1. How big is the dipole moment of the chain about its Cα centre under a simple scheme where the beta carbon of each Lys and Arg is +1, that of each Asp and Glu is -1, and everything else is neutral? Debye, nearest 20, please.
2. Quick one: Kirkwood hydrodynamic radius for segment 5-109, alpha-carbon pairs, angstrom, one decimal?
3. Just going by the charge dipole of the chain, with Lys and Arg at +1 and Asp and Glu at -1 on Cβ, which of 72, 46, 14 is farthest out on the positive end?
4. Taking Cα pairs under 8 Å and at least six residues apart, what relative contact order does the chain come out at, in percent?
5. Go through 24-37, 165-178, 219-232 and give me the packing order, highest mean Cβ count within 10 Å leading.
6. With the cut-off at 25 Å, tell me which of the pairs 10/31; 10/50; 59/95; 10/79; 125/183; 124/226 have Cα atoms farther apart than that.
7. Report the one residue of 82, 55, 5 whose Cα lies farthest in the direction of the positive end of the charge dipole of segment 5-109 (charges on C-beta: Lys and Arg +1, Asp and Glu -1; origin at the Cα centre).
8. Under 4 °C and 1.567 mPa s, how fast does the chain diffuse according to Stokes-Einstein, given a Kirkwood radius computed over C-alpha pairs? Answer in µm²/s, whole number.
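Read the figures in this text as sums done on the coordinates, not as results from a lab. On a predicted model such as this, the values are computed, not experimentally measured, just so you know. Virtual Cβ from ideal backbone geometry, glycine too; neighbours counted across all protein chains shown.
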Amino acid sequence: MEFPQSVIEKLNFYVYILIDPRTEEIFYVGKGNGNRIFAHLNSALNNPQKSDKLNQIRKINKAGKVVKHIVLRHGLTEKEAFEVEAATIDLLGLKGLTNIVAGHESDERGWMTAIDIISEFAAKKINIVEPSILITVNKQFRYGMSPDELYEITRGNWIVAARREDAEYAISVYRGVVRQVYKIHSWSHAEARNEAHNTRDRWRFDGEIADDLFHYIGGEVGHYVKKGNQNPIHYLNC
């Protein structure tokens, strides 16, 4: 299947979705121009390469069904197509899609609650006086994650010095803003992910949300980290 040239010239850039006709569920969101929308079907049928997306298309085809190709928005510039694609993926969520990554600049400008928006753009510099460890979770954080998920990515596994024992609180930080504060109860060696994973110097803490320091949440702590410092661990007052 392909678009005639006359259609291509009128479409410009567009955002499309692929739907599984067996369930009527969207399984892929993409953007492009020309016949990009059909490239996945052609690749699945003519290319041995494997991926969640291609495998699903093959299963649909094996069941005697045809993938539904839907153009969600057309007549776009490339920049507009990036934005619509990213917003659609943010709305649907990666867990239900075969897309490998989130949309363009989703980490910077994607899904955020009203509280997240306020924290991000109206953060005030705070002064932390308690013995604490700042833990920057930039690589694993995402807006809308559950309290349990935030706790898990904050608690470990980290390379931390013996000074950890003097810290009373662990402060979860994303992009220089406090996301949560935990009262540390204890530290333990991290569990190995596999036999080759060295955990000798990696630790994780057990703790609970520190309700008494709730006022720190949303505060800006970038002044505690030297510009260019990539270490996710910073010790304060300990």
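1. 840 debye
2. 14.2 Å
3. 46
4. 17 percent
5. Ranked by mean Cβ neighbours within 10 Å, highest first: 165-178, 24-37, 219-232.
6. Those over the limit are 10/50.
7. Going by the charge dipole, the pick is 55.
8. In µm²/s, the coefficient is 62.
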